[in-house]
């Protein structure tokens, strides 16, 4: 009997020790996950007749060539770090201008403009992209007489 007890004690001790380690591991507080950096997010994009301060005036989808100039407004929130975006102005699928704009954290609004004439009648679109060419949005509009 003494001999069988002597053989069982190391086994019992190992079982107790491994159970205690398992409990200790379960009671250890979890390390909070590292928060992921928030991605650049476009919250507003429009083409408008004018800008007042940093706000678009009279956004629309049809513009008269008699205006002489139109604007593309974009607003981003959040902006995780300083970075560039582009307003790519197309008329009838032909690139007319590519404007580089720099965004700064934590949020940023910006705009570009395009001169329009009677010879610029027809469908237009502005691609809002990042430096890698990722398209955030395509804003479509028309220029009429």
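The values are calculated or read from the model by the stated rules, or taken from the named source; none is laboratory data. Not measured: the values here are computed from a predicted model. Here the Cβ positions follow ideal geometry from the backbone for every residue, glycine too, while neighbour counts run over all protein chains shown.
A few points about this structure:
- Within region 92-118, being over 21 Å from residue 54 (Cα atoms) and in contact (Cβ under 8 Å) with a residue 40 or more places away in the chain holds for 116, 117, 118.
- Restricting attention to region 85-112, the residues that are surrounded by fewer than 16 Cβ atoms within 10 Å (Cβ to Cβ) and over 18 Å from residue 43 (Cβ atoms) total 8.
- In the set (1) more than 16 Å from residue 140 (Cα to Cα); (2) at pLDDT 95 or above, residue 45 fails one condition alone, (1).
- Verdict on residue 82 being under 29 Å from the mean Cα position of the chain (by Cα), at pLDDT 95 or above and over 18 Å from residue 126 (Cβ atoms): yes
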